[in-house]
Amino acid sequence: MKKSGIFITLLMALLTLTAGCAKVEVKKGGTFIQGVSGGDAESLNRILISDATSASYYEHTVDSLATYDNKFNIQLRCLAKDVEVSPDGLVYTITIRDDLKWSDGSPATAEDYVYTLKNLMFSDWLNYPYKGDWQEEINGEKVFVTPEVVNATTFKITRQTVDPEFVYIIYDLFPYPKYIATKYEGDVKSFTEAPEFNNLTYTGNLGPYRFKEWNRNDRYVVEKNPEYYLGKDIGAPYFDQYIVKLFGTPATRQAALEAGDITYTGIEPEQANRFRNMGNIKVYTIPSGGCTLLAFNQRANGWEGLKKKSIRQAIAMSINKETITQSILLGFAEPAFSFIPSISPWYDKENTVKYGIGELYDKRKATEIFYQEGYGMKKEDGTIKVTKKDGDLLQLILATNQGSKVAEDIAFQVRRDLLTLGIETQIKLVPWSMLLRQFMENKVPGSDQEPRDNNGPEAVSQEAWDIMLLGFGSDVLAPSGSRVFYATDGGLNFMGYANPEVDNLFKQIKTKEALDKEFRKQIYAKLSLLLSDDLPVDFLLYHRSNLGFQKNVGGIDPGPSIGYNYHLWYFE
């Protein structure tokens, strides 16, 4: 592609600059400690991962093919050059670096990538939640794209239909070593428990760090990889160890940062100014591509009313997003109305229905909607109390993960808002692992299905719930990846949402016509409008994160993709 040269030039400039700085400023060594709260990772076995924490642990040890910087320029990682796309948009040629190696010294090759796709990600014996990203619909049937090896460093992926954003899916590709994975192929239990994949003993020089230890619910430790392919000329990464340290509460990890016991952590909104005034701390405030939202359970074990669009709208109409962004987030957030992050070039502010602010924050109208749908009773003064259809108290379960003060504050604000309508809300603060396993994963009752995030419309979770407060991440450059949440067959559609019109619009983004950016922009505008009105989830807010670092950390390029060059961070 034409932009390959530009990327290589930028990367070389960055490396040259850093190498120059190393002579006078970079202090190699030391231990970087990141403080987190809110839950530990689930697994290091990459293909089984569906949560962001697990992915972040893994990604210390294996790079993707490419990433992007704060200006959304593609930065090559395991790619030797940018992906080449044929003029008809159907054939993708991927060339990886020739210096990638597994831990036994053997080369990581195109054969490993193709094997990972064909034998693992496309298999029917493994639960890979993003399988749909690699499928296309041909004559009404879903088929996988066709990967094939060209030579040791090059492979091709051929599609039968055009998908203008498929290249971004390729950028995120990661390999398994074929020589190890074949031992476990076809046996989901042994693959899940494979020591090589759970202890990351195979990762060679593919990432800046090597796995050292993982004490669950305490710390995850990786150590400098002296053979890292991007560091062989400059000695990067510069830290000897990178530790992710878990804390029970935001207050304790912030206290650890203040005391100098850790290097970096997120700062709660009410503490941002205090930390900003500390001489030893540097606070960066950056926009985020993540959205905090309320997911509505539309499966059989959720409250029946949540299957109705009007009821979802009434709930969204009752929750004041300005109160949440200003009183709880203290302005370090903005109200959200779309699945597309506001920092994305595809974001269309005008084509959304803005529930929760202005005229669409209206509790009286919300109670009228409940009443019209049969969920309410009129009191003597003419006002309406929301109830179940039989007149009993309506009680909903709101689940979220424990360990985040902001999440807890939002949950209790939602509870207060719904209480004014007459709805009681039971808040369940549960460990992240429990939220994943018992509330999100589901299966058809009585079946022998392996629990997954979307086992079809008849599947239900182990624990009943009605509303879930959590965050969804969306690709800033390729928001169509969010079909995994909102398409009827989306791998992470744990809510059980189904709307054929939404499914069709996601399909239209993956067409030849969508190569025209204006056409694609129109489809995204239609999707944003439709989802903001149909509300499979109530989009609450986009965060502006406050990230606190010890002041002696250098090399940071603050922005929405702040970690893209973290292998070049150092102690001054």
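The values are calculated or read from the model by the stated rules, or taken from the named source; none is laboratory data. Here the structure is a predicted model, which means the values were calculated and not measured. Ideal geometry is used to build each Cβ from the backbone, glycine not excepted, and the neighbour counts take in all protein chains shown. With ligands, DNA and RNA removed, areas are computed over all heavy atoms of the protein, side chains included. Shrake-Rupley method; radii C 1.70, N 1.55, O 1.52, S 1.80 Å.
Figures for the structure shown
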quantity	calculated
Angle between the chain longest axis and helix 405-419 axis [Cα atoms, degrees, rounded to 10]	20
Rounded to the nearest 10 Å², the accessible area of His60 at probe 1.4 Å	20
Long-range amide H partners of Gln402 with built H, under 5 Å	Val430, Trp432
Thr400 accessible area, assembled protein chains, probe 1.4 Å, Å²	0
Nonlocal amide H pairs with Lys101, under 5 Å, H built at 1.01 Å	Ala108, Asn205, Leu206
Region 159-221: trypsin sites (Lys or Arg not before Pro) in DSSP coil with no more than 14 other Cβ atoms inside 10 Å	Lys183, Arg216
The chain: relative contact order as a whole-number percent, Cα under 8 Å and 6+ apart	20
Neighbour-limited loop hits for GluC sites (Glu not before Pro), region 470-539 (at most 14 other Cβ within 10 Å; DSSP other than H, G, I, E, B)	none
Percent RCO, i.e. relative contact order, over region 138-261, from Cα pairs under 8 Å lying at least 6 residues apart	13
More than 29 angstrom apart: percent of Cα pairs within the chain	57
Long-range HN-HN contacts of Leu541 with modeled amide H, under 5 Å	Thr292, Ala336
Estimated FRET transfer efficiency (Glu304, Asp233; beta-carbon r; R0 56 Å; 0.05)	0.35
log₁₀ of I(q)/I(0) at q = 0.21, 0.22 Å⁻¹ - region 505-572, Debye sum with one point per alpha carbon	-0.87, -0.91
